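Asks: Questions regarding the structure given below will be posed in turn.
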Amino acid sequence: MDSEHILYLYNDDEHSFDYVVEALIEICLHNSDQAEQCAYLAHYKGKYDVKVGSYYAISSMYEQLLDKGLKVSVQSTKQYIK
């Protein structure tokens with residue numbers, strides 16, 4: 001059985017708030033309120049867990065967010081992955 005994995009979004013000074021929100025809506029399938037909340041929390045806390053799920057589902061989102069230039073990582077709930 002696949003363990004749960006966490007997709008973290010990190011704050012950066014390279015992308016606009018709107019760009020990050022749109023990426024979360026497009027890739028993570030967040031609604032606009034959820035995407036805005038995740039972006040604010042990543043900004044103020046330095047990082048925020050934007051999605052939790054199987055490695056298969058999370059790794060696809062990870063790659064797509066990386067392709068958009070965002071700083072992200074994936075961590076297992078049991079051990080660090082990326």
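What follows draws every value from the coordinates through simple rules; no lab data is involved. Nothing here was measured: the structure is a model prediction, and the numbers come from that model. Here the Cβ is made from the backbone with ideal geometry for all residues, glycine too, and neighbour counts use every protein chain on show.
Asks: Roughly what angle does helix 32-45 make with the longest principal axis of the chain, taking Cα atoms, 0 to 90 degrees, to the nearest 10?
Replies: 90
Asks: Further question on the same structure: On a 0 to 90 degree scale, rounded to 10, what angle separates helix 17-28 from the longest Cα axis of the chain?
Replies: 30
Asks: Could I have the simple spin-label model distance between SER76 and GLN64, label points 7 Å from Cα toward Cβ, reported in nm to one decimal?
Replies: It works out to 2.5 nm between the two label points.
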